[in-house]
Amino acid sequence: MSVHRGEFERIQDVIASVEPDEPLTAREILDLLEEHGEAFDSTHQIATILGRCAGSEVEVIHEHPYRYRIYPD
């Protein structure tokens, strides 16, 4: 599965508009995306995109389940 920069930007834009107080799971992020009219295939796709952006733009919190904190653009 290739990750396009636009996919991360779509996720980042929705999360920025919601401004969550806590890190979110891939399921919570997928649900928010769907509520905002953004179509993604699965939580696995979300986790893959966010995992590839880990570091400066995404903090991955290695709990069970993983949680993600996405930093604004």
When ligands, DNA and RNA are left out and all protein chains stay put, how many square angstrom of accessible area per residue does the chain have with a 1.4 Å probe? 62 Å²
May I ask you to rank 70, 11 by accessible area, largest first, using a 1.4 Å probe over the protein chains only? 70, 11
Using only helices, what value at 222 nm comes out for the chain when you add -39,500 (n - 2.57) per DSSP H run of length 4 or more and divide by the total residues, to the nearest 500 deg cm²/dmol? -14000 deg cm²/dmol
For the chain, set up a GNM with springs between Cα atoms under 10 Å and report which of 13, 31, 21 has the largest fluctuation. 21
What shape does the chain have by the C-alpha gyration tensor, where a ≥ b ≥ c are the square roots of the eigenvalues, rounded means a/c under 1.5, and otherwise prolate means a/b greater than b/c and oblate the rest? rounded
Long-range HN-HN contacts of residue 25 with modeled amide H, under 5 Å: 68
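The values are calculated or read from the model by the stated rules, or taken from the named source; none is laboratory data. Predicted model only: the values in this text are computed from it and were never measured. Ligands, DNA and RNA are excluded from the accessible area calculation, which covers all protein heavy atoms including side chains. Shrake-Rupley method; radii C 1.70, N 1.55, O 1.52, S 1.80 Å.
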